[in-house]
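A short worksheet on the structure shown next.
Since every read-out is calculated from the coordinates, none of them should be taken as a lab result. Keep in mind that this is a model prediction, so the values were computed, not measured. Please note: Cβ atoms are built from the backbone with ideal geometry, for glycine as well, and neighbour counts cover all protein chains shown.
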DNA sequence: TGGCGCTGTTCCACTCAGTGAGACGAGGAC
DNA sequence: GTCCTCGTCTCACTGAGTGGAACAGCGCCA
């Protein structure tokens with residue numbers, strides 16, 4: 001808190017004001033969402049547009065191309081993704097469902113790569129999107145192998161219910177994590193999306209560090225949990241083996 | 001130039017110091033590349049790490065997860081990509097080669113989506129990567145339908161040779177662009193990568209605005225330029241039709 | 001036509017946030 | 001031990017960034 005770096009905070013407030021489903025924001029909206037004076041936003045936006053971090057078309061501001069480029073340069077997603085693509089393709093082929101790869105960031109999973117199964121199945125997440133750790137197979141797979149403090153932190157943020165089946169009781173969650181750790185497999189039956197079932201497993205890099213989770217997801221009627229298990233487990237192991245030692249360093253716990 | 005916004009410039013200098021093939025940089029390297037004092041870099045990096053725009057593992061700094069997320073939120077790539085995925089899949093199936101989608105930014109094309117053909121063919125570009133406009137089929141397809149000032153600007157930056165076959169003579173480039181505009185198709189035979197041939201076409205959104213280029217690329221021996229033409233043209237049209245009117249607004253010329 | 005509500009940009013005096021040379025402490029190498 | 005090089009911290013200085021207020025440019029309506 002001592003080191004504020006005001007300009008940066010203001011800048012990130014502007015970036016964070018953008019959300020998935022708006023097609024561009026105007027200065028006033030931006031100022032309101034970021035809780036900053038209009039004049040400040042106007043000035044910062046001009047600077048960011050000049051740097052191509054934002055784009056502007058008339059009065060409408062959008063996230064810029066350079067952010068897309070920089071994002072693609074981020075090492076962890078990039079390397080993990082590159083290693084995972086063939087594995088995800090195999091997993092999709094074997095199960096016929098959509099295959100996902102995600103990494104944990106605090107109490108959410110960030111989706112890194114997706115291989116869509118049949119186009120009728122709805123996706124549970126967009127690439128770069130976030131889903132709750134406690135309510136998804138991917139999340140539980142990762143959390144089960146995280147250090148205990150991480151579990152405490154997740155519980156502490158509160159287990160929000162996404163559907164009536166979401167696990168909201170800390171004790172039940174912890175209990176289930178034990179099973180996940182034993183089986184090397186996590187399942188979520190309509191805990192995140194109604195009508196959607198998922199199976200996922202933890203991915204370890206060769207030194208044995210947890211790097212993320214891989215799994216499949218589909219309509220509850222379409223997916224065969226029993227049959228998917230071995231495929232998911234196989235994919236998790238295959239991906240682990242493909243990760244060059246030290247290639248994808250472990251994530252530091254997020255402060 | 002009047003409005004400098006020093007902190008932002010320093011911050012972008014830090015971001016821009018990262019390049020594709022280094023696995024993290026230390027503060028000193030960062031300071032050297034960004035041409036900033038170590039103490040300043042140290043301070044800014046701390047702030048950016050706190051915001052998850054950078055990640056740090058011991059002394060090694062990497063681009064952070066939030067950049068990846070933000071990048072995925074950037075509207076233009078996101079919408080174009082979503083519309084293009086099925087089209088790219090068809091194109092790959094029809095030609096058996098790797099299919100690419102890119103948009104133009106000044107004198108370079110930024111790659112937005114790729115569907116890899118057979119895994120033996122080398123890719124000409126990574127997602128989020130840049131390739132020169134004048135030396136690639138994708139670039140020439142886009143440039144042929146850009147406004148004349150854009151062509152002048154590209155020529156003015158100098159036509160650097162990537163291979164002995166790269167077009168470096170402005171007159172010859174302009175001449176070829178006329179043909180591309182007539183045919184709705186651009187070809188590059190080993191002008192960017194030795195042994196690599198590509199075919200690409202311009203993509204227009206329904207109001208008739210150029211939004212990018214789509215094409216295929218492969219080893220010169222594998223790719224059948226004549227046969228690919230109609231598939232590429234078809235894909236370009238199909239993608240255009242899939243773009244909701246106003247969905248992907250035209251790019252402003254980059255200052 | 002003139003007034004109104006809404007944009008986004010510019011101005012400018014105030015001041016505090018950011019700067020960076022240099023001091024500092026922590027490792028490694030030998 | 002000495003000598004590197006690493007990253008962080010200190011602190012006096014100052015100019016860069018701030019934001020309220022004034023301004024300019026719409027589009028709308030009576």
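Whose Cβ in chain B comes nearest the axis that rotates B onto A, and by how many Å?
Smallest Cβ distance to the axis, with its residue: B:71, 1.
What shape does the stretch B:134-255 have by the C-alpha gyration tensor, where a ≥ b ≥ c are the square roots of the eigenvalues, rounded means a/c under 1.5, and otherwise prolate means a/b greater than b/c and oblate the rest? Show your work: numbers first, answer last.
On the way: a/c = 2.16, a/b = 1.17, b/c = 1.85.
Taking the square roots of the gyration eigenvalues as a ≥ b ≥ c, the stretch B:134-255 is oblate.
Per-residue ellipticity at 222 nm for chain B, helices alone: DSSP H runs ≥ 4 residues times -39500 (n - 2.57), over residue total, nearest 500 deg cm²/dmol?
Calculated mean residue ellipticity at 222 nm is -14000 deg cm²/dmol.
Please state the shape class of the protein assembly as shown: rounded when a/c is under 1.5, otherwise prolate if a/b exceeds b/c and oblate if not, all from the C-alpha gyration tensor.
Values: a/c = 1.77, a/b = 1.27, b/c = 1.39.
The shape class here is oblate.
Would you work out if the stretch A:142-189 is rounded, prolate or oblate? Take a ≥ b ≥ c from the square roots of the eigenvalues of the alpha-carbon gyration tensor; rounded if a/c is under 1.5, else prolate when a/b is larger than b/c, oblate otherwise. Working shown, then result.
Values: a/c = 2.10, a/b = 1.14, b/c = 1.84.
The shape class here is oblate.
What does the structure give for A:73-85 when I average, per residue, the other chain Cβ atoms found within 10 Å of the residue Cβ?
Numbers: counts 14, 14, 11, 7, 7, 6, 1, 0, 2, 1, 0, 0, 2.
The shielding value for this peptide is 5.
What is the helix-to-structure angle for A:225-242, meaning the angle in degrees between its Cα long axis and the longest Cα principal axis of chain A, kept from 0 to 90 and rounded to the nearest 10?
It is inclined by approximately 60 degrees.
Would you order A:42, B:162, B:205 from fewest to most other beta-carbon atoms within 10 Å of each residue's own beta-carbon?
A:42, B:162, B:205
How high is the relative contact order of chain B, in percent, counting Cα pairs under 8 Å that sit 6 or more residues apart?
16 percent
Rounded to whole Å, give me the distance from the Cα center of the stretch B:203-234 to that of the stretch A:205-219.
Using only Cα atoms to place each centre, the spacing works out to 36 Å.
What do you get for the angle between helix B:170-183 and the principal long axis of chain B? Use alpha-carbon atoms, 0 to 90 degrees, nearest ten.
60 degrees
Could you list the residues of the stretch A:137-170 with an amide nitrogen less than 12 Å from a label point located 7 Å from the Cα of residue A:183 in the Cα-to-C-beta direction?
Flagged as within label range: A:137, A:141.
Would you mind giving the mean number of other chain beta-carbons within 10 Å of the Cβ of each residue in B:10-21, as a whole number? Display every interim value, and only then the final one.
Details: counts 2, 6, 8, 0, 0, 7, 3, 0, 4, 1, 4, 1.
If you average over the peptide's residues, the count of other-chain Cβ atoms is 3.
At residue A:208, label 7 Å along Cα→Cβ: distances to the other copies, nm, ascending?
6.7
Shortest first and in nm with one decimal, please list how far the residue B:174 label point sits from its counterparts in the other copies (point 7 Å along Cα→Cβ).
So the distances to the same position in the other copies read 7.6 nm.
Calculate how steeply helix B:38-50 sits against the longest principal axis of the alpha-carbon atoms of chain B, using the helix alpha-carbon long axis, and give the answer as 0 to 90 degrees to the nearest 10.
That works out to roughly 70 degrees.
Could you check the simple spin-label distance between residue A:219 and residue B:163, using points 7 Å along Cα→Cβ, in nm with one decimal?
Label-label distance for residue A:219 and residue B:163, simple model: 4.7 nm.
Taking a label point 7 Å from Cα toward Cβ, how far is residue B:16 from its twins in the other copies, in nm, shortest first?
Taking the point 7 Å beyond Cα along Cα→Cβ, the inter-copy spacings are 2.7 nm.
Given 37 °C and 0.692 mPa s, compute D for the stretch A:1-158 with the Stokes-Einstein relation, Rh being the Kirkwood radius over Cα pairs; round to the nearest whole µm²/s.
Details: Rh = 18.2 Å.
Taking Rh from Cα pairs, D becomes 180 µm²/s.
What whole number of Å gives the distance from the Cα centroid of the stretch B:67-145 to the Cα centroid of the stretch A:35-79?
Measuring centre to centre over Cα atoms gives 21 Å.
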